[in-house]
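A short reminder: the numbers here are calculations on the coordinates, not readings from a lab. Because the structure is predicted, anything quoted here is derived from the model rather than measured. For neighbour counting, all protein chains shown are included, and Cβ atoms are generated from backbone atoms with ideal geometry for every residue, glycine included.
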Amino acid sequence: MGYASPILFHGPAARDAAMAIVPSLGRQLREPFGDNGLKIAESREIIDLMNNTPVGDSPGVIVMGPMDRAMQVATDVLLKSIEEFDEQIVRPVLWAHDEAEVSSTIRSRCLRRWCPGTVEVDEDLLDTARGVVEAALSGDVAAVIEGLREEDPREILVAAAAALRERGVGDATEALWEGLRAALSVRNPTATEALAAFL
């Protein structure tokens with residue numbers, strides 16, 4: 001299996017997807033890094049692991065994330081190692097809740113994979129999210145804005161992922177997910193901002 005670039009899983013089920021791919025890439029060298037926010041000391045440990053040949057026949061795998069909550073200085077320390085790793089020795093796997101919050105220099109070095117996954121969502125919140133998704137699909141920007149303002153942005157984003165999953169995941173739903181995420185990055189989106197997010 002070729003592994004020229006690290007993979008960055010992003011979305012509500014990103015961590016689960018990152019952990020699920022490990023056996024197909026090699027063997028996990030240790031518990032995932034950064035579950036409480038990646039720190040400089042952890043980045044240095046990652047670099048040490050990436051520069052040492054692990055014992056065994058298969059490459060080592062290092063899971064790290066959420067990269068959208070990592071300290072900037074911690075991600076800066078990792079750049080060269082993530083860019084110039086030897087896939088025969090170690091393979092980095094990254095994950096994030098929100099790809100847009102990951103350092104652009106990290107994103108540019110990774111293959112990105114959207115992971116809507118399966119999450120438990122309150123039924124009322126899911127109904128609101130279904131309304132937002134339907135409004136977005138039909139181009140009703142006013143209804144999208146109203147739906148986005150009703151709930152906590154992160155909660156509605158997770159619920160929207162569940163609503164999209166009900167419709168079947170594909171290029172159209174991934175594009176819609178990105179539109180919702182972009183719209184929710186604005187605290188109180190205007191019609192113009194919400195519309196721009198879906199174009």
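Which of the GluC sites (Glu not before Pro) found in region 30-119 are in a DSSP loop and have at most 16 neighbouring Cβ atoms, other than their own, within 10 Å?
On the way: sites: Glu42, Glu45, Glu83, Glu84, Glu87, Glu99, Glu101; in loops: Glu84, Glu87.
Hits after loop and neighbour filter: Glu84, Glu87.
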(request) Quick one: which residues, 5+ away or cross-chain, put their amide H under 5 Å from the amide H of Phe9? H built at 1.01 Å from N. (result) Leu94, Trp95, Ala96, Arg113
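With 10 angstrom as the radius, rank Val133, Val73, Val141, Val55 by how many other C-beta atoms surround their C-beta, starting from the fewest.
On the way: Val133 24, Val73 11, Val141 21, Val55 7.
Listed from fewest to most nearby Cβ atoms, that is Val55, Val73, Val141, Val133.
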(request) Mind giving me the FRET efficiency for Asn36 and Asp76? R0 is 22 Å, r the Cβ-Cβ distance, nearest 0.05 is fine. (result) 0.70
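Taking neighbour counts of Cβ atoms within 10 Å as a proxy for exposure, in what order, fewest first, do Ile62, Ile82 appear?
Working: Ile62 24, Ile82 21.
Ascending number of Cβ neighbours within 10 Å: Ile82, Ile62.
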(request) Mind jotting down the distance between the C-alpha centroids of region 58-110 and region 6-49, whole Å? (result) 8 Å
